[in-house]
Amino acid sequence: MVRPQRRSAGWLLGLALLGVQLPALASDSAFPFDREMILDAAPMRGSKRMPILEIGSDGAASIQLWCASVRGQANVGPDSISIVAADVLPAQCAPDRQSRDENLLAALAQVTGWRRSGDVVELLGATTLRFRLVTN
């Protein structure tokens, strides 16, 4: 028969180990405010530039597109999100890059939800946009 003191010590040790794991589990599913997220897509031919999205804890959004960059505002809830971009300043790019910028901004405007699994954040809407957290 196990003594009550040993049983209590075992429970305390188990709870302590669980307490160490909970913050890591919570951060794995929390929205990554103030972190750069790169669009999970193949680069466009002839360029290494990739779209990057960063949303601050105050809702300020920085959106680097295929060609241009734009500021915006995001409203993030536990599983919901809306992104409103400001007007894009004209940039000198090839028409195909400008078209991809317009398509990406349109997809971001239609985003209504999000989910996270590790370093992957999916923005859900008419088109699912998959981003990866920049880890370097």
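The single residue among Asp87, Asp96, Asp79 that is among the acidic types (Asp, Glu), loosely packed, with under 14 Cβ neighbours inside 10 Å and under 17 Å from the mean Cα position of the chain (by Cα) turns out to be Asp79. If Asp58 passes every condition in (1) surrounded by 13 or more Cβ atoms within 10 Å (Cβ to Cβ); (2) modelled with pLDDT of 95 or more; (3) not aromatic (Phe, Trp, Tyr) but one, which one does it miss? The one condition Asp58 does not meet is (1). May I ask you to list the residues in the range 34-55 that are loosely packed, with under 14 Cβ neighbours inside 10 Å and of a type outside the set (D, E, K, R)? Hits for the range 34-55 are Ala42, Pro43, Gly46, Ser47. Just to be sure, is Gln92 of a type outside the set (A, V, I, L, M, F, W, C), modelled with pLDDT under 95 and in a loop (DSSP other than H, G, I, E, B)? Answer is yes for this residue.
The set of residues from the range 24-52 being in contact with a helix residue (DSSP H, G or I) (Cβ under 8 Å, 6 or more places away or on another chain) and under 15 Å from Leu105 (Cα atoms) comprises Leu39, Pro51. Of the residues making up the range 27-55, those that are at pLDDT 95 or above, part of a loop (DSSP other than H, G, I, E, B) and of a type in the set (D, E, K, R) number 3.
The values are calculated or read from the model by the stated rules, or taken from the named source; none is laboratory data. None of these values were measured; they are calculated from a predicted model. Note that we place each Cβ from the backbone using ideal geometry, even for glycine, and neighbour counts take in every protein chain shown.
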